[in-house]
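The values are calculated or read from the model by the stated rules, or taken from the named source; none is laboratory data. Note that the structure is predicted; figures quoted are calculated from it, not measured. Cβ placement follows ideal geometry from the backbone for every residue including glycine, while neighbour counts extend to all protein chains displayed.
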Amino acid sequence: MFEAKSRRFFMGAAAAASAMRVMGANDKVNLAIVGLGGRGSAHLNVYSRLAEAKVVGLCDVNQAAREKAQATLTRNGQEKAKEFEDMREAFADGTVEAVSIATPNHWHALAAIWAMKAGKDVYGEKPACYNIHEGMKLIEVSRATKRMMQVGSQHRSNPFKIKAMEAVQGGLIGKVYAAKGLCYKRRASIGKKPDTPTPAGVNWDLFLGPAPMRPFNELRFRYNWHWFWDTGNGDIGNQGVHELGLARWGMGDPEYPKTVVSYGGKYAYDDDQETPNTLTTNFDFGGREINFEVRGLLTGAEGAVPRGRAQGPAAAAPTATAPVNGTPLNVMIGDLFYGTEGWAAMSDQGFQAFKGESNEMIMDLKPERGPNGDPTGLHMLNFLAACKSRNYKDLHDGVENSVISANMCHLANISYRVGRKLTLAAGPKFVGDVEANKMITRNYRKGYEV
């Protein structure tokens, strides 16, 4: 059955690719949204309000999610879209010109690869890939198909962050020798739950896709799939990939480090979560470094990164702690940059730079409000513009750079899981470490190989 569906998919994909029209500046881009959970719902809300896009397809393995998405389209004054349970059918549809992928992490790369081979441009949620191997295949396929692929690192389209990073790279605080990323996002225990029959309307086989087949478990489904190695990458590959990307940005987007060492654990909780809730990582680039910390438990402030309320779908996720008596969530997310002449702090609340022994503030930027300051909308507009220009250099964070940020998360997780410092060679691969090198890829289920 899979082979027959694959033949239909690739025959339809070839027809769709050949039928792709050359879009003019005033044309709408016809989009299908793949994955309609928390982040996918955000995609739908943004695209359905953009004059440059038209949502023509809705794809999810969960029938209830598709029905909810149709109601959102209607509420936003849009026509109902075609529904797809299997993304391959959406990719083979000739009316679909681009796709926006908001699936769980383990589907990010394969979905994008299938879409690009079908002639579709891709906006894919972060991280760009579930593992290192998938990231390198993404780059290979995007080059071969000449499709646009933007990854959802929307900070790269945030006006005040663009201005701040240009100043840092321009010598605002001297030569940057270190950056520190903070992912202090409070996460409650997920508890323990038994396996159950798959709920009606959910295609569990398609949800798992490249991952091993397991019985349905609610904790492995909505949002909490982040905390299981089969489908997620822990918080460093969830929230943390944003801050790792910012740390690299402030340092001029270096490629891979010379060594990586990561340590931590799942502390305080006795539950079914597999990934660590506390993780400390050092990336040594030779003469400069990036340090990164994940902490899902209660924590204090650091540097000039302020406490802030959780943003986006994670604020309502079952692992987030609700505000108590009006007090914001215990969240500190951002980056610190250290230069030869000063230091700086970046968060969604603003950017501050300090210089000299007197610690004089030399720059203080705040985010813009309204549509002109909405980084997700601006990032999607940047993607849509590149779909029309056909110039991948127009993308604010194309696949080749965003894969490096994602792979650094994977480097950290591999070092944590094998329990030692790792030295990197080109590829990237690990020098003299068979166990670590096995974790560059995974064993894929038949029909879902990358």
Where the second residue is loosely packed, with under 15 Cβ neighbours inside 10 Å and among the small types (G, A, S) and the first is assigned to a loop (DSSP other than H, G, I, E, B) and lies in segment 240-269, which pairs have Cβ atoms under 6 Å and are six or more apart or on separate chains?
K258/G286
Name the strands (runs of 3 or more DSSP E) wholly inside segment 18-107 in which the number of residues that are within 22 Å of the chain's Cα centre (by Cα), crowded, with 18+ Cβ neighbours inside 10 Å and at pLDDT 95 or above is 1 or more.
29-34, 53-59, 98-101
Looking at (1) on the phi < 0 side of the Ramachandran plot; (2) modelled with pLDDT of 95 or more, which one does R187 not meet, given that it meets all the others?
(2)
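State all residues of segment 267-279 that are over 22 Å from the mean Cα position of the chain (by Cα) and farther than 15 Å from Y223 by Cα; if no residue qualifies, say none. If you could, list the steps in order and put the result at the bottom.
Here is the first cut: in segment 267-279, the residues over 22 Å from the mean Cα position of the chain (by Cα) are 267-272.
Y267, A268, Y269, D270, D271, listed by residue number.
Quick one: is F207 under 23 Å from K266 (Cβ atoms), buried (at least 19 other Cβ atoms within 10 Å of the Cβ) and modelled with pLDDT of 95 or more?
No: the conditions fail for F207.
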Among the residues of segment 62-76, are any under 24 Å from I113 (Cβ atoms) and touching a residue at least 60 places away in the same chain (Cβ under 8 Å)?
yes
Hey, F221 hits all of (1) surrounded by 15 or more Cβ atoms within 10 Å (Cβ to Cβ); (2) touching a residue at least 24 places away in the same chain (Cβ under 8 Å) but one; which does it fall short on?
(2)
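Can you pull out every residue in segment 110-135 that is among the basic types (K, R) and crowded, with 24+ Cβ neighbours inside 10 Å?
Across segment 110-135, the qualifying residues are K120, K126.
May I ask you to list the residues in segment 136-169 that are of a type in the set (V, I, T), closer than 22 Å to E255 by Cβ and either surrounded by fewer than 22 Cβ atoms within 10 Å (Cβ to Cβ) or without any contact (Cβ under 8 Å) to a residue 60 or more places away in the chain (or both)? Quick ask: steps written out before the conclusion?
Of the residues in segment 136-169, the ones of a type in the set (V, I, T) are 139, 141, 145, 151, 162, 168.
Checking which are closer than 22 Å to E255 by Cβ leaves us with 139, 141, 151, 162, 168.
Listed by number, the residues that qualify are I139, V141, I162.
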